[in-house]
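S.K.: Have a look at this one before I ask anything.
The values are calculated or read from the model by the stated rules, or taken from the named source; none is laboratory data. In this text the structure is predicted, and so the values were computed from the model without any measurement. Here the Cβ positions follow ideal geometry from the backbone for every residue, glycine too, while neighbour counts run over all protein chains shown.
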């Protein structure tokens, strides 16, 4: 970091152990992305709840070239944050995800969403929990019962129209997500 790490404790006393934990997490961020300009961390215990202990609030402000990334983990979000170390871990995990997205954008590696192919079910093997899809271009695609995103495998029938996301499996192409098209599928309503 170009500027020293800033750690602020609010509404509870300073703790060397908590500070060391924060410094370790910040060092990991620096290993992941070495162009962090500054990092400010605020840890506070705003109030005690009647049935629970204090829920810690962790805010991380990261300044990187051209952008400020902010993680603001409020105390009402998660009761596991009664443990200060869990609250810190979760906040730094969110900061790392934001850094990953920022890094991808800077490198031009913007995530491209997979397109869904179309096809129809041509065989089902219920005893072994799999089936086959014939894609719109005539290829044979394997799918497993667990690949079905909506509906029930037991309600499928040969000839059902499906959309799917294809990936390469050990034995060839397979569908990782299968969506059955039917009466609830959006229709094209042209006048």
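S.K.: Only one residue in 69, 31 is out of contact with any helix residue (DSSP H, G or I) (no Cβ under 9 Å at 6 or more places or on another chain), closer than 17 Å to residue 103 by Cα and modelled with pLDDT under 95, so which one is that?
M.R.: The conditions single out 31.
S.K.: Residues 151, 159, 131: which one is surrounded by 13 or more Cβ atoms within 10 Å (Cβ to Cβ) and farther than 17 Å from residue 173 by Cβ?
M.R.: 151
S.K.: Considering 40, 132, 59, which residue is in the same structural domain as residue 157 (by TED's automatic domain parsing) and either modelled with pLDDT of 90 or more or under 26 Å from residue 4 (Cα atoms) (or both)?
M.R.: The conditions single out 132.
S.K.: Which residues, taken from the stretch 18-37, are touching a residue at least 12 places away in the same chain (Cβ under 8 Å) and within 18 Å of residue 87 (Cβ to Cβ)?
M.R.: 18, 19, 21, 22, 23, 25, 26, 28, 29
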